[in-house]
Amino acid sequence: MIVEIGHFALALALGVAVVQALVPLWGVSRQDTALASVGPAAAITCFLLVALSFAALVSAYVRSDFSVETVVANSHSTQPLIYKITSVWGNHEGSMLLWVLILTLFGALVALSRNSLPMRLRAGTLAAQGLVTVAFLAFVLLTSNPFARLDPAPADGQDLNPILQDLGLAIHPPLLYVGYVGFSITYAFAVAALIDGRIDAVWARAVRPWTLLAWVFLTLGIAMGSYWAYYELGWGGWWFWDPVENASLMPWLAGTALIHSTVVMEKRDALKVWTILLAILTFSLSLLGTFIVRSGVLTSVHSFASDPQRGLFILGILVFFVGGSLALFAWRAPLLRQGGLFAPVSRESALVVNNLFIATACATVFIGTLYPLVLEMITGDKISVGPPFFNATFVPVLVPLLLVLPLGQTLAWKRGDLLGAAQRVLAAFILAILVALALIAFSRGGPVLAPLGVGLGVFLVASALFDIGERVVGRASGVQAMFSRAIGLPRSAWGTAFAHAGVGLTVIGIAASAWSSEAIGVLKQGESLSSGRYTITLDSITPRTGPNFRADVARFKLAAGDRVLAPIEASKRVYTARAMPTTEAGIHTDGLSQAYVALGEAQADGGIAVRFYDKPLILLVWLGAVVMAFGGGLSLTDRRFRLAAPRRAQPRAAIVQPAE
Amino acid sequence: MLIWIIFAAMTGAAVFALLWPLGRRSPDAFADTADAKSLYRAQLGEIDRDLGRGLLGAVEADAARAEAARRLLRTAEGEPELAGESEPALRRRRAASALALSCVPLLALLLYGALGSPSHPDQPLSARLQSVPSQQDFELALARIETHLAANPSDGRGWAVIAPVYLRQGRFDDAARAFAAAIRHDGTSADRLAGLGEARTFAAGGVVTGEALQAFSEAVALDAKNPRARFFLAVAKEQDGDNDAAVAALRALLADAPPDAGWTGMVQQRLESLAPGSTAGSTIASLPAADQQAAIRGMVDGLAERLKQGGGTLPEWTRLIRSQLVLGNRPAAIEAIATARQRLGQDAEAVAQLDALAGELNLREPQP
């Protein structure tokens, strides 16, 4: 009965969402507050119903109710409890329900944030959000129903895809979905502003926390997914330019541009139309990502989700929301009041430069992802666009952006002083050059670009630190004064410094991967294999039995030169229900570096094929992302009222130009 | 019934939550301009605080104040006219209430009615395992043992339990594997070796192959009296064309049989078919293997034909079903079960036994 209650709750939620989409909108257009106040009530009701539905599905998985079709297809009675729960969203139907759950959760949060939102904006936003909810609830119910029943119930399930039986599945999709879906709120805000025809600093202030929240979670979700692929797939790589990864990178890039442009909008009341467009594009890219992953237009490591049947439905949703909002934009945007004017050398101009570069980078990823699909559709030729394309297009766009980032960070609002800014980043630049030179001297004959990349990363980290340092030390004297200045600095300033330093850390990690080395060999007991700084010696291979798998575990001794480190265990598992093998890479973390062992096939003569990597500073790749997300979180907690104040009052000689 | 009461309560609660704000007194107009004004006032306050903390110089603070004041003035320009009159507002509320009252229950019922299965109870695994054994639980138990064995392939006892079940179900290759695994992990015994031989024999379409013969010989070496092994050794002799030796072996088997042995009838039958004068058996036995198969098939087909004409007792049907399965003709066995169920429909007990047989032999129609 619980299952059926969950099913009914989902159908009921669709009805409530229809009301949420229609009534508040009517209220806004008629200036009727009573109708508008239905919005929050409907959003909260809708969330409660979907939550009930999700809870019912979780209970079906936990109790191994094999009369539910998705439970049979994705779960097994011998799974440990945690994987029974994660199996809920380890498949198409359940993950779409999780998507809708998060969507309605955001709706409920908007409904509850009564004090920070103007009532009119809130009603419009909830209506737009209700429309998105209707579309996705209909999609779940009509094409991907997680509550379909089976009679008679089979004796046991078919188990979850073994690659997904990992803690990564407990963390990665929820984080990613909060990110994706969080941008639906920004989108709803943009649509509401367009319908209403009013957009100002109040709007920017209202949108800012939601954008930051979505961005923080998307950052963490992408980083977590990357680390998961790194240790689970056993290839030793952490980013494959796989279309599914690109699908998450595109909204991230657009979202990054968005959080920067909303700052300009809040502080300077400018860049309005562009910000609205970005908000629409960001969620459109999220939807595009959903389409790419869920429709089955491509086969990739995420192909567990593919089903061509559903493609058309999602394509319909995509066309309606992207096309509809862009049409609305074309119609209403010219009516919006243009923003203020600003000088070419100023923080806001620097942020425009940032937006241009990021938008271009996003476009290159977009082309690289969609071009092969379109080509295949038109000509039937299958081509794959891989790292060479992105190295040749994405990287050249990103590097100049990162080079000017420290400059923009120190420029003042309204009227900046380029020479002064250059002086302020000079110290960081010199430090970066020194580090790069030292590395070139030290690693003679190694990859050429790696030291330069590390130098760039050091430049970013150092300039972020120096910038915050200067603001703390500044003109103050004495520890007491410095401390109080550090406390007094807005948290968003700290957030900026952390986020930019995080970018630097990631850049260092990526650059350092040029020094990683790989060794492949067939080892028998007692034999050794060296890669980079590390050597492994095969100690033993023993069988082991898990709750729903059998494994052959290989133990290796690990040494770095004379230093003996903790032993590494790598294993090959066979999940019995699906008779499907997986590899579990053995990883030893040594400072920020890792030694990585993946097992290959067992050989007839008793040896086992082994791939062994030395990955210097690899952890920085993800640590940088975590630091970025932490910076975003710090900024999120800063609810000050912002207004740009020029740093120095200079004569008004600067050339003034329109913002858009 | 209970579930419909719950659905009605859920619908009622949802609709009430939507109607509630419509019934309350709400502010006469959107307070948005006030929002904008308060934002800029708050900004002015923030500037003063920053000035106090020394984060902002006096000159910068003045500039910022001027900016905030400029924006504050601008918000005052576009004050929207207020909506006031109450008669249309009242009608709008009624329309919205009607929408909520109709759209929510209708959509939910329509969708759930098309997609849901309200009469389908939950079937959590723990409850199914505790419920009264029925035919389906035989499969459940079998599946549990299979899962257990998949995870613990060295559990010889488990294999020993499941092997005869496979044999009865006609899954002869699985049965042979299971017997072999039981012998490997839990030690050998005459019964297990004989079972292994039987499984191999049936897997080869009823011919005692060299491998099967070896198993039977080892079984007899362990326990000279093992009836099953001795029976199949006799069949092997018969298939070699040595009818006399076969008859002698079967006679010896009968002589050793305990009085309550259930298998004497079958040995007797075989013996009669071999005895001089009996036509069917001996002729079949003297044929080459392929023809033997055809001859047996002919007999089974004859039985099938006769039962098709009408009548037939439960034992006859059972024999036909089992024979079809042994001959590897699964569809015919399934068809026979269906016909038998139709024919014996009056007799509830017979139908129950047929169902049990179907479950045991894994012959239930493919699940929808």
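Coordinate-derived values only; no laboratory data. Predicted model only: the values in this text are computed from it and were never measured. Positions of Cβ are backbone-derived with ideal geometry, glycine not excepted, and every protein chain shown enters the neighbour counts.
Structure above, values below:
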item	result
Å³ per residue enclosed by the Cα convex hull of the protein assembly as shown	228
Distance between modelled label sites at A:R578 and B:L222, nm, 7 Å Cα→Cβ extension	3.9
Label-point gap, in nm, between A:I383 and A:L81 - each point 7 angstrom along Cα→Cβ	5.3
Principal semi-axes in Å for the range A:45-110 [√(5λ), Cα gyration tensor, largest first]	24, 10, 10
Dipole-positive endmost among B:S154, B:G187, A:A559 within the protein assembly as shown (Cβ charges, Cα centre)	A:A559
Span from the the range A:487-563 Cα centroid across to the the range A:253-273 one, whole angstrom	38
Nearest-0.05 FRET efficiency for B:V59 and A:E470, computed from C-beta distance (R0 25 Å)	0.80
Shielding by partners, peptide B:87-94 (average Cβ within 10 angstrom, other chains)	3
Efficiency of FRET between A:V399 and A:R563 - r from beta-carbon atoms, R0 41 angstrom, step 0.05	0.70
Within 10 Å of each Cβ in A:416-422, the average number of Cβ atoms from other chains	0
Among A:I433, A:A462, A:L418 - extreme Cα towards positive end, dipole of the protein assembly as shown, charges at beta-carbon	A:L418
Computed [θ] at 222 nm, deg cm²/dmol, chain A (DSSP H ≥ 4; -39,500 (n - 2.57); rounded to nearest 500)	-21000 deg cm²/dmol
Convex hull per residue volume in Å³, alpha carbons only, for the range B:289-360	75
Cβ-derived FRET efficiency at R0 25 Å, A:L356 paired with A:A327, nearest 0.05	0.50
Translational diffusion coefficient (Stokes-Einstein; Kirkwood radius from C-alpha pairs) of the range A:1-50 at 20 °C, 1.002 mPa s, in µm²/s	190
The range B:226-268: relative contact order as a whole-number percent, Cα under 8 Å and 6+ apart	34
Computed lengthening from A:F320 to A:A519, 0.36 nm per intervening residue step minus Cα-Cα distance	66.6 nm
In nm, spacing of pseudo-spin labels at B:F16 and A:Q480 (7 Å Cα→C-beta vector)	6.2
For chain A: relative contact order, % (alpha-carbon pairs under 8 angstrom, 6 or more apart)	12
Length added when fully stretched, A:L335-A:V62, from 0.36 nm per residue minus Cα-Cα	92.9 nm
For the range A:400-441 and the range B:131-203, distance of Cα centres in Å	74
Farthest positive-ward along the protein assembly as shown dipole, Cα basis, beta-carbon charges - from B:A333, A:A512, B:S217	A:A512
